[in-house]
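Structure provided below as structure tokens; questions to follow.
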Ligand SMILES: Cc1ncc(COP(=O)(O)O)c(C=O)c1O
């Protein structure tokens, strides 16, 4: 099939220096060609975003046709032509993550001020690795880290006046997301566990092998519940400790780390002569939104004398809510905390942070270079994993100021309230089964016709497993059909909830963070799922199999 891109009437601009000078020069007036293109893009984009319809399912193989050539065009293209290409092929086939019916993932809808304000960031193109290329952006980023540090750790103003702009320390590190934040936290924890001592020059210089020998231990471990985000596996891999060093602790009936099982693992590690790099608590698990008992974990970390990290990538902003912040009690005792700004701070993708209770602790990952990041400079790059970085902290600063604590409180409260309402709808509906109750604003459920629910209650474990196997297929089919229809979107995952014995089941997963998602939209979503179950051929086949199972 011929791609639309190659079918287009390709006009070429002329490659000469004066044309190149023009594209690097700021347009003199909004009436210039670029100014007009700019206006058109804004109009088209806001039209696209206003539609609030989840993108219709287009086969990826068809979309790939538009992006199939490896050739870099020999001749320049007019910006206006290229913009048409983007609108036709890219924008039209993007996912409307801002749609109120898009409740399947943690991709947040953006407040409308983000688009115009983000132009400042792109226009200035600052590089936050060093002050020489960022100037005021550096103190602004330090302030953002200070603001979030104060939200989590709650020190007084005098503390922040001492530490926020201190050249020898860092309240945190700004990065592109939760993954980088978790990696940075474990990097700091690893290096602080094996510092320079008695002739050993520290793990940062001599590596893990020599560190284990010097500190006379056999191995290392990171302790986190089985609901931990997969970024910890990446961190373990990168830090040279191996993914097996992540000890996945079983969870209780509410997807929170099982403290008894944790104690057992601690005893085993002692017998094995393994050292703990970090105990990790989760404040808002990715799949179910549950929060570990952070105070108890802080007690255990204290007893063990080990680093305590909290992954609050999702749930951190719950601290804005007077009603719900108690769920995160103990987070202020963590040594490091991850918060993703591109989740519940409603900032565009590419904004995460790790915060350190002790601003001296990241000195163990400090790096210097002669041409930048000189010792004693306030350059932010000396404590970040990334080198060149954009000034995205500006957008976090904008959101924190424009939305404010009260605004965030309303958003958080509404998301949790909405999740409870939706759980109520599911719980009272005869054809649906709530699998995990919302603690924050996430929940999981599945479609189970009333007759099958009754059969499951009577069935023995073997029959339950068979029925659950069929229900898994049904859940998958409904989720895919709903996504293809494009009116709304829930995601799906697999869980092993305690009430299902040894079975791992497939569930719909819902994340309620878009303030424009109403109970009516959620009710319609359930209705649509019922219609798919009743009308879709494949779903009907699976249901017929189920009927046979329960009548056999
Ligand atoms: C709990 C948790 N931690 C870490 C991450 C990773 O964040 P990112 O995708 O921004 O790297 C996620 C992402 O969903 C998450 O839910």
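Read-outs: derived from the displayed coordinates by stated rules, not from any lab. Bear in mind that the values here come from a model prediction, so they are computed numbers and not experimental data. All Cβ positions, even for glycine, are placed from backbone atoms using ideal geometry, and neighbour counts span all protein chains on display.
For the stretch 482-552 and the stretch 122-191, write down the distance between their C-alpha centroids in whole Å.
42
Kindly rank 137-150, 434-447, 535-548 from highest to lowest mean number of other beta carbons found within 10 Å of each residue.
On the way: 137-150: 21.6, 434-447: 23.6, 535-548: 14.9.
Listed from highest to lowest mean packing, they are 434-447, 137-150, 535-548.
Same structure again: Using the number of other C-beta atoms within 10 angstrom as an exposure proxy, rank 288, 338 with the fewest first. Mind dumping the intermediate values first?
Working: 288 26, 338 32.
Arranged by neighbour count, lowest to highest, 288, 338 become 288, 338.
If the viscosity is 1.002 mPa s and the temperature 20 °C, what translational diffusion coefficient in µm²/s does Stokes-Einstein give for the stretch 200-268 when Rh comes from Kirkwood over Cα pairs?
Working: Rh = 13.4 Å.
Result for D is 160 µm²/s.
Mind giving me the FRET efficiency for residue 43 and residue 21? R0 is 35 Å, r the Cβ-Cβ distance, nearest 0.05 is fine.
Values: r = 29 Å, r/R0 = 0.82.
The pair residue 43/residue 21 has a calculated efficiency of 0.75.
Then there's this: Working from the alpha-carbon coordinates of the chain, get Rg over Rh, Rh being the Kirkwood radius.
Numbers: Rg = 26.1 Å, Rh = 26.1 Å.
Using only Cα positions, Rg/Rh for the chain is 1.00.
Let me know the Kirkwood hydrodynamic radius for the stretch 104-187, please, with Cα pairs as the basis and the value in Å to one decimal.
Details: mean 1/r = 0.0667 Å⁻¹.
One decimal place: 15.0 Å for the Kirkwood radius.
Further, regarding this structure: Can you give the convex hull volume of the alpha carbon atoms of the stretch 263-380 per residue, in Å³? Don't skip to the end; give the middle numbers.
Values: hull volume 18.2 nm³, N = 118.
So the per-residue Cα hull volume is 155 Å³.
While we're looking at this one, here's another question. Can you give the FRET efficiency to the nearest 0.05 for residue 406 and residue 431, using r as the Cβ-Cβ distance and R₀ = 25 Å?
Working: r = 39 Å, r/R0 = 1.58.
Between residue 406 and residue 431 the formula returns 0.05.
Please arrange 130, 480 by how many other C-beta atoms lie within 10 Å of their C-beta, fewest to most.
On the way: 130 22, 480 15.
Exposure proxy ranking, most exposed first: 480, 130.
Can you compute the FRET efficiency between residue 520 and residue 105 using 1/(1 + (r/R0)^6), with r the Cβ-Cβ distance and R0 = 22 Å? Round to the nearest 0.05.
On the way: r = 21 Å, r/R0 = 0.97.
Between residue 520 and residue 105 the formula returns 0.55.
Which order do the peptides 14-21, 259-266 take when ranked by the mean count of other beta-carbon atoms within 10 Å per residue, highest first? Kindly include the intermediate steps, with their values, before the conclusion.
On the way: 14-21: 9.2, 259-266: 15.6.
Highest to lowest by the protection proxy: 259-266, 14-21.
Would you mind putting 351-364, 456-469, 103-116, 58-71 in packing order, based on average other-beta-carbon counts within 10 Å, highest first? It would help to have the intermediate numbers written out before the result.
Values: 351-364: 22.6, 456-469: 14.1, 103-116: 17.4, 58-71: 10.4.
Going by the mean number of other Cβ atoms within 10 Å, highest first, we get 351-364, 103-116, 456-469, 58-71.
Compactness ratio of the stretch 153-306: Cα Rg over 2.2 N^0.38 Å, N = residue count? Walk me through the numbers on the way to the answer.
Values: Rg = 16.6 Å, N = 154, 2.2 N^0.38 = 14.9 Å.
Working it through for the stretch 153-306, the quotient is 1.11.
Turning to a different aspect of this structure: For q = 0.17 Å⁻¹, what log10 I(q)/I(0) does the stretch 406-551 give under the Debye formula with an equal point scatterer on each alpha carbon and no solvent?
-0.95
Could I have the simple spin-label model distance between residue 157 and residue 68, label points 7 Å from Cα toward Cβ, reported in nm to one decimal?
So the two model labels end up 6.5 nm from each other.
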